[in-house]
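J.: Right, I'll just put the structure down here and ask away after.
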Amino acid sequence: MCGIVGYIGNKNGVPVVLEGLSRLEYRGYDSAGISYKEDHELNVLKKEGKLENLEAIVNEKKVTSSSVIGHTRWATHGEVNDTNAHPHGNDDFSVVHNGIIENAFELKKELQAEGEVFHSQTDSEVFLVLLTKNFKSGLSVKDAVLKTFKALEGNSSFVVLPKAENNIYAIKRSAPLVCGKSDDDQELLASSDPYALIGFVDNIFFPGEETLCFLDSSNNRIDFFDLDGNPSENYKSDKSRKDLKVETKEGFDHFMLKEIYEQPKLINEIAKIYKSEYSDQISIKAQDLDTINIIGCGTAWHAGLCLRNIYETELQTKVNVELASEFRYREPFVSSKDLGLFISQSGETADTIACTELCEKLNLKLASILNVGGSTLNRLCHENFMIHAGQEIGVASTKAFTMQVIVGHFLMRLLQGKHPTADFEKELEVLKNRIQNILDDVSSIKKIANEVHTCKGYIFTGRNKYFPIALEGALKLKEIAYVHAEGYAAGELKHGPIALIDEEMVSICLVGPELFEKTLSNIEEIKARKGKILIVGPKDNSKLEEISDWYIPLDFSDLNYFSPIYVNVVMQLLSYYIAREKGTDIDKPRNLAKSVTVE
Ligand code: AGP
């Protein structure tokens, strides 16, 4: 989703804002722009396409300014072009926006009826026009921002650069927003992601919902106000974000590949972290729960599916795994004796946040399996089980998925009132080593990717604990190779999808030691219809060797619960190398955003 960076201080803020925007490129965008003050006048430069297009015109004009706001846009309303790019500005204000103004159409009609003129197709411009109207009615900048924000419906964050004052205003509702300041208070920044502020601030502030952040450069301070304009304490400050560092590819061709290779190290560290962080018990116990509702989107939902079977078996508790975008619009049959367990890498996914807020209203206990601290989800949940995966830059999630499932296992033990890592340490050690073995020699995966990358389509199949991995493998391939790929339960093929099978289709069949014969019979059905077959399954198996066109043998021994994660690493690498064959933008795939902060 959109990236926002704002700077006001005693230095040239243009390179700071551009650096911040470059760090947010991974979130996905289609245009970029800045607004800056020069001789007390507001100027706007914005271009569709990559950030470098904007940088070219900024450098050509040799722009310098100590008051700057910038934006990378992921289009929701209006096509991708210069006019619809942010910032939106006029003589009085420049604004940048992340989110959706749900009543923009109605407000725009009212404003147009009053003679207001619009230049773009965006909902964001409605905020600018209404803000300007409110300001011209005689309100102060602060009161005009608050009055305008209160008139809007939907989840949004805004950063405002006013001409009339040398300050910046920022405000949010269920959309990411942070602000920060240097230790000497000389530099004040705002952003949609703390990652953009690394190195520029020494203190980071996480404003609560509907809290106005006032970056007051006259007094070198940041103040917070509620919607009525009264001073507010509804924010958290955090110096500890020193753990954040600007990620580099460290010699890998893509962040995604680097993050795939980080997995053994992360697996090696997580048990130590949980041993120290969870020596005593958590407040939630499985025996007190009616149902565990695991909720997420995309890969996070797949992680939830990986946990369902084992939770039901080990906890003897009913478990629902829900797509957040569907759950939020049902009238779910839940009770205050249920747990809402939200899985999210970013902690900002709009649908997942909406479900968290719904479950909060329904008095459920709220827990997260989460990567980004300080995120909206982090603040909403009573218990947060952090996955400690570090910054995940690749839009296609890899290491976060692996750590979500592992931490989900730890949480299962905590819900049983047991030590989180007991019984798992040996399996984790085996898992780490087995994944490392795969990573140490990817030649066969590369070769297969080269041989299958031109096929018409891909069907991923798996049974039971491998079915979620079939879904995850298909999603990865779709995301970064832009090809048609479907994940199916292997037993489902004969209920329709088998009609797709022909010599142009590749079936990627996940075979574990469990349900081996059943899974094999599904593969026979594909073979009988001349489908191309890639098997990922137990090693040294002549039957698998004979029936497959390609066979990736794996050692499943001693892995038990973690075998799906092991198989999934092959899926990650296979999708990565197929995408390389296709020459797509693997870290920033078209149309995608790293954190989907709109519905
Ligand atoms: C995963 O590769 C995708 N980028 C996407 O499905 C992602 O998992 C989903 O948008 C949920 O994001 P979250 O984990 O940050 O909530």
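J.: Which cross-chain or sequence-distant (5 or more) residues have an amide H under 5 Å from the amide H of LYS236, H modelled 1.01 Å from N in plane?
T.: Result for LYS236 returns PHE206, GLY208.
J.: Could you give each residue of the stretch 189-201 its phi-based ³J(HN,Hα) in whole Hz, using Karplus coefficients 6.51, -1.76, 1.60 with θ = phi - 60°, and x for Gly or Pro?
T.: Ordered by residue, 3J(HN,Hα) equals 10, 9, 7, 8, 7, x, 4, 6, 9, 4, x, 9, 10 Hz.
J.: Would you tally the net charge around ASP351, using a Cβ to Cβ cut-off of less than 13 Å, leaving ASP351 out, and scoring K and R as +1, D and E as -1?
T.: Every neighbour counted, the sum reads -3.
J.: Let me ask something additional. What is the packing order of peptides 558-568, 524-534, 279-289, taking the mean over residues of other C-beta atoms within 10 Å and listing the highest first?
T.: Peptide ranking by packing, descending: 558-568, 524-534, 279-289.
J.: To continue, here is another question. Quick one: with all protein chains in place, what share of the accessible area of the chain is carbon or sulfur, to the nearest percent (1.4 Å probe)?
T.: Carbon with sulfur: 47 percent of the solvent-accessible area.
J.: Same structure, new question: What does the C-alpha gyration tensor say about the overall shape of the stretch 442-562? Classify as rounded when a/c is under 1.5, otherwise prolate if a/b is larger than b/c, or oblate.
T.: rounded
J.: Hey, can you find the accessible area per residue of the chain for me, probe 1.4 Å, expressed in square angstrom?
T.: With the other protein chains kept in place, the chain gives 38 Å² per residue.
J.: Run a plain Debye calculation on the chain (Cα atoms as equal point scatterers, no solvent) and give log10 I(q)/I(0) at q = 0.05, 0.06, 0.07 Å⁻¹, rounded to two decimals, same order as the q list.
T.: -0.23, -0.33, -0.45
J.: Would you mind checking the pairs LYS432/LYS465; LYS447/LYS476; LYS46/LYS181; LYS446/LYS532 and listing those with alpha carbons more than 22 angstrom apart?
T.: Violating the 22 Å Cα-Cα cut-off are LYS46/LYS181.
J.: Considering only DSSP beta bridges where both residues belong to the stretch 95-242, give the percentage that are antiparallel (nearest 5).
T.: If I count the DSSP bridges inside the stretch 95-242, around 100 percent turn out antiparallel.
J.: Using alpha carbons only, how many angstrom separate the centre of the stretch 536-599 from the centre of the stretch 255-321?
T.: The two parts, judged by their Cα centres, are 20 Å apart.
J.: Short version: ³J(HN,Hα) in whole Hz for each residue of the stretch 300-312, in order, from phi by Karplus 6.51 cos²θ - 1.76 cosθ + 1.60 (θ = phi - 60°), x for Gly and Pro, what are they?
T.: 5, 5, 5, 4, x, 5, 5, 8, 4, 4, 5, 5, 5
J.: Mind checking Rg over Rh on the stretch 127-236, alpha carbons, Kirkwood formula for Rh?
T.: Ratio of gyration radius to Kirkwood radius: 0.95.
J.: Here is a follow-up. Starting at the first residue of the stretch 433-440, write each ³J(HN,Hα) from the Karplus equation 6.51 cos²θ - 1.76 cosθ + 1.60 with θ = phi - 60°, in whole Hz, x for Gly and Pro.
T.: 5, 5, 5, 4, 4, 5, 5, 6
J.: If you don't mind, there's one more thing I want to ask. Considering only DSSP beta bridges where both residues belong to the stretch 220-371, give the percentage that are antiparallel (nearest 5).
T.: 5 percent
J.: Given only helices, namely DSSP H runs of n ≥ 4 each adding -39500 (n - 2.57), what is the per-residue ellipticity at 222 nm of the chain, to the nearest 500 deg cm²/dmol?
T.: -11000 deg cm²/dmol
J.: List the lysines whose Cα sits under 17 Å from the Cα of LYS50, skipping any in the same chain fewer than 8 residues away.
T.: Cross-link targets: LYS588, LYS594.
J.: Excluding residues on the same chain fewer than 8 positions from LYS62, give the aspartates and glutamates whose Cα lies under 15 Å from its Cα.
T.: LYS62 reaches GLU38, ASP39, GLU52.
J.: Using Cα-Cα distances under 8 Å and only pairs 6 or more residues apart, what relative contact order does the chain have, in percent?
T.: Here the relative contact order equals 12 percent.
J.: Mind checking which lysines have their C-alpha under 17 Å from LYS365, skipping anything on the same chain fewer than 8 residues away?
T.: Within the straight-line cut-off, LYS365 pairs with LYS285, LYS318, LYS337.
J.: While we're here: Report the relative contact order of the stretch 198-274, percent, no decimals, based on alpha-carbon pairs under 8 angstrom and at least 6 residues apart.
T.: After rounding, I find 25 percent.
J.: Still on this structure: Return the percentage of antiparallel bridges among DSSP beta bridges fully within the chain, rounded to the nearest 5 %.
T.: 60 percent
J.: Sticking with the crude label model, points 7 Å out along Cα→Cβ, report the distance from ALA151 to HIS40 in nm, one decimal please.
T.: Spacing of the two 7 Å Cα→Cβ label points: 2.7 nm.
The values are calculated or read from the model by the stated rules, or taken from the named source; none is laboratory data. What you are looking at is a predicted structure, and each value in this text was computed from that prediction instead of being measured. With ideal geometry, Cβ positions are generated from the backbone for all residues, glycine too; neighbour counts draw on all protein chains shown. Quick note on the areas: whole protein, heavy atoms, side chains included, nothing else; ligands and nucleic acids left out. Shrake-Rupley method; radii C 1.70, N 1.55, O 1.52, S 1.80 Å.
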